[in-house]
Amino acid sequence: MIDLEFERRVRDAAMAWLDTQDPTRSRLFRYDDVSGFTFEGERIPLLPTQQGIRKPALLSAALSIRTTYTPPGEAPPYNDTVGLDGLHRYKYRGTDPQHHENVALRMAFRHQLPLIWFVGAYRPGYYFASYPVWVIDDEINQLQFVIALDKAEFMTEGNMLGADHRSYAERITRERLHQPLFRAQVLQAYQQQCAICRLRHVSLLDAAHILPDGHPRGFSIVSNGLSLCKIHHAAYDENILGIRPDLVVVVRGDIRAEHDGPMLLHGLQEMDGTHILVPSTRGAQPDRSRLEERYEEFLAAG
């Protein structure tokens, strides 16, 4: 007999504890970062190690799930995907629906218990934590579960494929998974500092797209991102400054000629001609062809 009150207390405590382990609010963790959670004196590592589905011994239902990091160009070990309804699918462990991990996740579905979803990010060993998430369907014929990132996605089966629902699901996925995952990946690659001015106050940093959402190559990947403080992010988006393919900052001529306070002088004008900081990992460095295309837009706008 499952003790639902106990199951919910453990989950509430685990998610509250995760919040305390995340001072930068990036939700980016390593295994050691999330292995110290205790509940009523018992240590409960939150991140699965070898398995994808984590059910601690003291619980009857799964507590967390894991999607491993897949480097660009490589095939993931499990073909997790997004359905026509805009919702994520999480593949079974193996092909046996009665495997104990699948049973544990099915138990979370039956009792609508929230989970923590660790998504591989940036490089092996780093995970973005999305929580709470819910299993809202068990597609046994496809050997997969349906994952929702928002309680409002608990909808009747007849509504699941509606255009309005898909649009809502896609927006929630962007806001709660893709955008914060992109931010965590980019800030980690740039060592939590602005690529232009080196500001290290994480709460004042953004992950800026080189080519924006909606552009055919405007993917939320690190090589299409820059870690920028909010001032330089806005200046980049507004074509007040551009970044050449050789990584040099160019401030628009009329801005260089203005006379204003110290922010204009030190924050913008003095950045002209400086080189941006780039990640040490080659695959995380800004894509030169994207920088070139974006710089041409800056020149045209100026």
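The values are calculated or read from the model by the stated rules, or taken from the named source; none is laboratory data. The structure displayed is predicted, hence computed values, not measured ones. Cβ placement follows ideal geometry from the backbone for every residue including glycine, while neighbour counts extend to all protein chains displayed.
What the table shows:
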| read-out | value |
| --- | --- |
| Checklist (1) farther than 14 Å from GLU297 by Cα; (2) crowded, with 20+ Cβ neighbours inside 10 Å applied to TYR236, failing item | (1) |
| Selection within the stretch 265-288 - in contact (Cβ under 8 Å) with a residue 24 or more places away in the chain and assigned to a helix (DSSP H, G or I) | GLY267, LEU268, MET271, GLY283, ALA284, ARG288 |
| Every pair of residues 6+ apart whose Cβ atoms lie under 8 Å, when the first sits in the stretch 28-51 and is farther than 15 Å from PHE118 by Cα while the second is in a strand (DSSP E or B) | GLY36/ARG43; PHE37/ARG43; ILE44/THR38 |
| Answer from ASP19, ASP96, ASP12, ASP80 - the residue that is at pLDDT below 90 and in the same structural domain as SER167 (by TED's automatic domain parsing) | ASP80 |
| Set GLY242, GLY267: member being modelled with pLDDT under 95 and of a type in the set (Gly, Ala, Ser) | GLY267 |
| Residues of the stretch 215-259 classified as of a type in the set (Ser, Thr, Tyr), touching a residue at least 40 places away in the same chain (Cβ under 8 Å) and over 14 Å from SER289 (Cα atoms), total | 2 |
